[in-house]
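Throughout, read-outs are computed from the coordinates displayed, never taken from laboratory work. The structure presented is a predicted model; accordingly, all values stated were derived computationally and were not measured. A quick note on method: Cβ atoms are made from the backbone with ideal geometry, for glycine too, and the neighbour counts reach across all protein chains shown.
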Amino acid sequence: MSDAVEFSGIDPFTGEPLRFWVVDGTVSTDPVPGATRVDDAGWIVPGLVDAHNHVGIAPGLGVTIDQARGLADKDLRAGTTLIREVGSPLDTHPLDDDPHGPRFVRAGRHIARPKRYLRDYGVELDDPDDLAAEVAVQAAAGDGWVKIVGDWIDREVGDLAPLWTRAQLDAAVAAAHENGARITAHVFGADALPDLIGAGFDSIEHGTGLDEDLIDEMVRRDIALVPTLIQLETFPDIAAGADRFPTYKQNMLALHAGRHDVFAQAREAGVRIYAGTDAGGTIEHGRIVDEIEALTGIGLSPLEALAAASTAPRAWLGVPGIEHGARADFLALDADPAVDPSTLRRPRHIVCGGQRI
Ligand SMILES: [Zn+2]
């Protein structure tokens, strides 16, 4: 009992006082006698959530589990205690053995087709009709999510193009749901979106090609959006390296130019939007606060942007926040993040699995 720690502070989402105890890495809302007190921990929020991250990927392939652990630690030190890993060539499940590391909700490997994604990062299906069968395999390999590549440059077309037909996508969604998983898709352009949304995907990653009708359909079907705003800043660089494909180049630049309007429209319409950094490729780990800040650029208030990286994706992913019996994952902040969002850059405490990091 003497190891218990009592925290008290303010919940910025409600403005109410918050008081709880941490015992054996877990939150208790029942008082624990003899606990050490951390008086006035300031403002307390659930540990941050990065809803699109790849600790099993660094630039280049061949990340080892020890490297992945280091990348997860970098995210943790930025305040991320829950990672939705949307595709990794490396099985990062061994990281679940670390009681004081971020918690994961994973997809298995990306599902793509030959020459239609970063080479060797995902499973590349020669026959696209095998998609549903592979979805079942990757559902078993993950923790409740499957990720497919929805569009990528088709060098013969010279532009972004869908990888799958509507019938293949319908079968993929059915296979995911039959296997107890939700399914999401990487998609930059406009052409792949009608079929992905029509097939009933559970979320869309990036989604720069959305338009008003598709946004309305996402709201109607409760399809979530993880725009990965800081990743989209790389589009001009991608375009700059694509002189051989002028149509693709123009498309990437246009998608980049329109991104803020598209996402502001999605927010306005009521699409659920979650923070995801896409760390692991060109984006460094540990940048969740940059993504939160970027979300304010599409019209979210600082508190809404924080919710999009904490309370909201926790509910979506089914991982509790600061509740009795939950793993003790939270941040204590010096200032009210609604008033001073920069306080997230220097948390007073980051607590993960009950341990102060
Ligand atoms: Zn990604």
Completion exercise
Output row, site Asp11, 7 Å Cα→C-beta label point, backbone N cut-off 13 Å, window the range 29-65, residues 29, 44-46
Handout entry: Pair Thr282, Arg119: separation of 7 Å Cα→Cβ label points (nm)
Key = 1.9
Fill in the blank from the handout: With 0.36 nm assigned to each residue of separation and the Cα-Cα distance removed, Ala167 to Asp211 gains 13.6 nm
Problem - Inter-centroid distance (Cα atoms) of the range 15-60 relative to the range 211-237, Å - result: 30
Practice task
Enter the Cα centre distance for the pair the range 264-302 and the range 117-172, rounded to the nearest angstrom.
Solution key: 25
Completion exercise
Taking the square root of 5λ for each eigenvalue of the C-alpha gyration tensor of the range 1-98, the equivalent ellipsoid has semi-axes, largest first and in whole angstrom, of 34, 16, 10
Practice task
Excluding residues fewer than 8 places away in the same chain, name every one of the aspartates and glutamates whose C-alpha is closer than 12 Å to that of Lys115.
Solution key: Glu124, Asp126, Asp151, Asp154, Glu156
Practice task
Over the range 48-317, consider all pairs of different Cα atoms and compute the Kirkwood hydrodynamic radius from their mean reciprocal separation; express it in Å, one decimal.
Solution key: 18.3
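Quick one: Lys74, Lys249, fewest Cβ neighbours within 10 Å first, how do they rank?
Placing the least packed residue first, the sequence is Lys74, Lys249.
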Practice task
Multiply the residue separation of Val137 and Val219 by 0.36 nm, subtract the distance between their alpha-carbon atoms, and state the gained length in nm to one decimal.
Solution key: 26.6 nm
Handout entry: For the range 321-329, Karplus couplings with θ = phi - 60° (6.51, -1.76, 1.60), whole Hz, Gly/Pro x
Key = x, 8, 9, 4, x, 7, 4, 7, 10
Exercise for the section: Note down the net charge around Ala242, summing +1 for each Lys or Arg and -1 for each Asp or Glu among other residues with Cβ under 14 Å from its Cβ. Expected result: -1
Practice task
Using 0.36 nm per residue of separation minus the Cα-Cα distance, give me the extension gain between Arg345 and Ile65 in nm, one decimal.
Solution key: 98.1 nm
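Where the only charges are on Cβ atoms (+1 Lys, Arg; -1 Asp, Glu), what is the dipole of the range 48-317 about its Cα centre, to the nearest 20 debye?
360
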Completion exercise
Where a ≥ b ≥ c are root eigenvalues of the Cα gyration tensor, a/c under 1.5 meaning rounded, otherwise prolate if a/b exceeds b/c and oblate otherwise, the range 76-196 counts as prolate
Exercise for the section: Working from Cα positions, state the angle (0 to 90°, nearest 10) between the long axis of helix 166-178 and the longest principal axis of the chain. Expected result: 30
Practice task
Taking amide H positions as placed in the peptide plane 1.01 Å from N, state which residues far from Ala4 in sequence (5 or more) or on other chains have amide H under 5 Å from it.
Solution key: Thr36
Problem - Karplus-derived HN-Hα couplings along the range 218-225 (A = 6.51, B = -1.76, C = 1.60, θ = phi - 60°), whole Hz, x at Gly and Pro - result: 5, 5, 4, 9, 6, 8, 7, 10
Problem - For the range 278-295, 3J(HN,Hα) per residue [Karplus equation, 6.51 cos²θ - 1.76 cosθ + 1.60, θ = phi - 60°, Hz, x = Gly/Pro] - result: 6, 4, x, x, 7, 8, 5, 6, x, 10, 4, 5, 4, 5, 4, 4, 4, 5
Handout entry: Amide H partners (placed H, <5 Å) of His206, local residues excluded
Key = Val226, Thr228
Exercise for the section: With an 8 Å cut-off on Cα pairs and a minimum separation of 6 or more residues, tell me the relative contact order of the chain in percent. Expected result: 21
Problem - Those residues of the range 38-52 whose amide nitrogen sits under 13 Å from the label point placed on Asp336, 7 Å along Cα→Cβ - result: 43-44
Exercise for the section: Find the all-direction average of the projected area of the Cα convex hull for the range 194-276, expressing the result in square nanometres with one decimal place. Expected result: 5.4
Practice task
Would you mind ranking Met252, Met218 by Cβ crowding within 10 Å, fewest neighbours first?
Solution key: Met218, Met252
